[in-house]
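The values are calculated or read from the model by the stated rules, or taken from the named source; none is laboratory data. As the structure is a computational prediction, the values presented were derived from the model and not from experiment. Virtual Cβ from ideal backbone geometry, glycine too; neighbours counted across all protein chains shown. Remember, those area values only see protein heavy atoms, side chains included, never the ligands or the DNA or RNA. Shrake-Rupley method; radii C 1.70, N 1.55, O 1.52, S 1.80 Å.
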Amino acid sequence: MTKSRIRAFCAAVFIFCISASTHSLADKFFEDNDAFFLKYLKQQKFEIDSSASAVVLYEYNSYDLHSSENYMRHEVRRIIKIIKKSGTGYADINIPLRISRFTFFHVNKVHGTTYNLEDGKLVTQEIDGDNISLEKSNLIKEKKISMPVVREGSIIDYSFETEEPNYPINIAGWEIQEDIPKLYSRTEIYISNRVLFKTDNIISRFKELDNSKKSTIDSLLPDSYFYKEVIGEDLLKQYWVRKNIPAFSDEPYLSNENDCREHMNIRLTGVHTLGDQGIMDTWNKINEALVESYYFYRSFPESNASVKQKAKDLAGEDTSELTIAKKIYRFVRDSIAPTDYESIFTYKDIPSVLEEKNGSPAEINFLLIGLLRHAGLSCSPLILATKDKPRPNPLEPDLGRYDYTICQLRINGEKYYLDASEKYNPFGRIPPYCLNGYARVIDKNKKDTCGIVLKPEMSKEKALYSVTTTNNALNDYTLNYKFYFSDAISIDKRTDWNKDTTEIKKYILSLIKDLPLDAKLRQHKVLNLNDPEKQLTLDFTVSLTWPDAGPVYLNPYAVKLFESDPFKNPKRKYPVELPATENLTYSINLKLPDGYTVDEVPKSAVIQIDENNQYKNLVAYDKEANTLSIQSRLQTQRVFFPVSEYDMPRTFFQKMGDEQQHTVVIKKQN
């Protein structure tokens, strides 16, 4: 076996993929002439979606793998009708170009034309150099195209070509379904028939047609079909066509949008002449390839002096493995700034990440693993798919679906999962966007390799919000608020509040502005703002001025456990998956000033899906003590609901929202 199976595979693809012309057979739907553009310029509504802001009239993707020039060419053409003003944003096109030490992109042959109808005549405007720009941020370059003179009714027609080295994991990703409808979308690939590839279709089911159907009138062909051609001795050309594609309709709390959108991935799996060596179709083979890769496992600086010394300095005199691990984790999280390049692989070597104090998420977590190992701790990289990727199938190993690397730490039989690339992420917490199904531990010691399913249930959010009367004197009535935020909210608050401390006061004022009494903020403080290992706490005091006459209609729920009902739509197309289990408590103890009394008190309520998923809203008024008490608690341990059970979370959240809208009527005694 070669040193790197990935390199062997890539080289084999270079050798056995031969070039071919990328000119497709004429599409029956699209005719590249003025009559086509005039027809759709005059059409203002489309039966596929009468409310759409824009519609893709024609879309073409071609992937051509070359051996002699060692790159893959991708040709793109899109023609879009702008129907409404809100659709003009589709005239700004971004082409992301990733850079790494093993991949580069070039963009060539950028063309674009805007078509408008003026006095019944076709008017065109071509793009020029002023309409094209290049921006770079960390490891991502972005080519930007701005189509000229775009307005309601315009048609934009743009095309470009990208070139990149052949890459042994993914050839293509065809986003069949997007935010606007499409009338016609076509993808084709040219590749040696000695190269093995596989398509993963989400939702689409393509019917295979024989070549005799190629001349069939387009309207007589099915909405999803494909066919193949063999050109010469061993070149395979395969076409997929999808017509009349509805826009993707987003819904709150999708399990994974990428599992719901219609799309197709085309990935390489091997080369015939390489036999078993060229095919990464099992986890053992993927593990071996990654262990040997200088961009992955072999990037560990086993004997690097700076990394070794840093681990020794951080460990100090401590002997507790967990204490040492937490010290190293805190250092990496707090000291190394993340870049926005996400991949399981590294771009630069780990000592450079330590020296330069920045790196991609994978590089930061590889530095963490390297330091932990130099401190004598047992740990390994864990590759996973974030929710930007479709959920992996454990029975079909596909390295192309994985885009993130974290650390699995093992201490005294316990396993901890660490991601030090998010600045305010506590030790042992996996970010919710990483909880996307099957993940895999990679290690040269095979006894440590294993699979694990990352589920939203692994994220447990706990919070407490309390409001208490600290002085009920009419001329100095004060309330104290104490908020103990959950992990997810804490990360957002710490990020915003450290960036701009005035946001703290703005947040408090937003909470008290709707009180029916004149409210003034007296003082506030934040605890643990820069310590993610402790619960972020907001403590503030508010003074209230009570009216001389008339009833007060008070909504006592200063914090809504859910701000709004996410399930207002009576119908649901996709399953519901909440991001975490939750244990949220809201408590208020309101002692009224002398001369005021509660006239109307809402009834207590308990809303249940079952015993582990319920909302309790317990309301009590003690007339003798003149105190109103409310204890609300939301407890959810179940996060997934199939479409057939949609009524469960819909009814639950609707009733909970209704409970939090109740008002208390307070009257002044005569």
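Figures for the structure shown
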read-out	value
Residue within segment 434-455 that is open to solvent by 40 Å² or more (accessible area, probe 1.4 Å), in a strand (DSSP E or B) and under 30 Å from residue 554 (Cα atoms) present	no
Of residues in segment 608-624 being of a type in the set (A, V, I, L, M, F, W, C) and at pLDDT 95 or above, the one nearest to residue 472 (Cα to Cα)	620
Matching residues in segment 513-527 - criterion: being modelled with pLDDT under 95 and either in a helix (DSSP H, G or I) or open to solvent by 60 Å² or more (accessible area, probe 1.4 Å) (or both)	513, 514, 516, 518
Selected residue (criterion: least open to solvent (accessible area, probe 1.4 Å)) from residues of segment 402-421 that are part of a loop (DSSP other than H, G, I, E, B) and farther than 16 Å from residue 384 by Cα	413
The one condition in (1) hydroxyl-bearing (Ser, Thr, Tyr); (2) more than 30 Å from residue 249 (Cα to Cα); (3) in contact with a helix residue (DSSP H, G or I) (Cβ under 7 Å, 6 or more places away or on another chain) that residue 587 fails to fulfil	(3)
All positions within segment 413-430 that are at pLDDT below 95 and in contact with an Asp or Glu (Cβ under 8 Å, 6 or more places away or on another chain)	423
Tally, over segment 617-670, of residues that are out of contact with any Gly (no Cβ under 9 Å at 6 or more places or on another chain) and closer than 25 Å to residue 597 by Cα	26
In segment 622-662, the residues that are in a loop (DSSP other than H, G, I, E, B) and either touching a Cys at 6+ places or on another chain (Cβ under 6 Å) or farther than 27 Å from residue 590 by Cβ (or both)	637, 638, 639, 642, 646
Which numbered condition residue 389 fails, given (1) in a loop (DSSP other than H, G, I, E, B); (2) modelled with pLDDT of 95 or more; (3) of a type outside the set (Asp, Glu)	(2)
Residue list for segment 630-641, restricted to those being over 16 Å from residue 562 (Cα atoms) and crowded, with 17+ Cβ neighbours inside 10 Å	630, 641
Wholly enclosed strands (runs of 3 or more DSSP E) of segment 528-608 bearing at least 3 residues of a type outside the set (D, E, K, R) and open to solvent by less than 60 Å² (accessible area, probe 1.4 Å)	537-545, 581-591, 596-600
Top-ranked residue in segment 219-237 [being assigned to a strand (DSSP E or B) and out of contact with any helix residue (DSSP H, G or I) (no Cβ under 9 Å at 6 or more places or on another chain); ranked as surrounded by the most Cβ atoms within 10 Å (Cβ to Cβ)]	237
Selected residue (criterion: surrounded by the most Cβ atoms within 10 Å (Cβ to Cβ)) from residues of segment 38-67 that are small (Gly, Ala, Ser) and in a loop (DSSP other than H, G, I, E, B)	52
Those residues of segment 478-493 which are in contact with an Asp or Glu (Cβ under 6 Å, 6 or more places away or on another chain) and open to solvent by less than 10 Å² (accessible area, probe 1.4 Å), in sequence order	486
Residue ID - modelled with the highest pLDDT, chosen from residues in segment 147-204 that are hydrophobic (A, V, I, L, M, F, W, C) and on the phi > 0 side of the Ramachandran plot	149
Search result, residues across segment 456-477 that are under 30 Å from residue 628 (Cα atoms) and either charged (D, E, K, R) or open to solvent by less than 10 Å² (accessible area, probe 1.4 Å) (or both)	461, 462, 463, 467, 476, 477
Single residue of 603, 571, 591 found to be among the basic types (Lys, Arg) and under 31 Å from the mean Cα position of the chain (by Cα)	571
Subset of segment 314-347 (residues that are more than 13 Å from residue 368 (Cα to Cα), at pLDDT 95 or above and not hydrophobic (A, V, I, L, M, F, W, C))	320, 321, 323
Those residues of segment 55-76 which are modelled with pLDDT under 85 and either closer than 26 Å to residue 39 by Cα or of a type in the set (Ser, Thr, Tyr) (or both), in sequence order	67, 68, 71
Where residue 35 falls short, out of the listed (1) open to solvent by 40 Å² or more (accessible area, probe 1.4 Å); (2) part of a loop (DSSP other than H, G, I, E, B); (3) at pLDDT 50 or above	(2)
Counted residues, segment 337-375 - those being over 20 Å from residue 495 (Cβ atoms), outside any helix (DSSP H, G or I) and free of Cβ contacts under 8 Å to residues at least 60 places away in the same chain	2
Qualifying position, being outside any loop (DSSP other than H, G, I, E, B) and buried (at least 16 other Cβ atoms within 10 Å of the Cβ), among 665, 619	619
For residue 501: the one exception among (1) among the hydroxyl-bearing types (Ser, Thr, Tyr); (2) farther than 21 Å from residue 393 by Cα; (3) under 25 Å from the mean Cα position of the chain (by Cα)	(3)
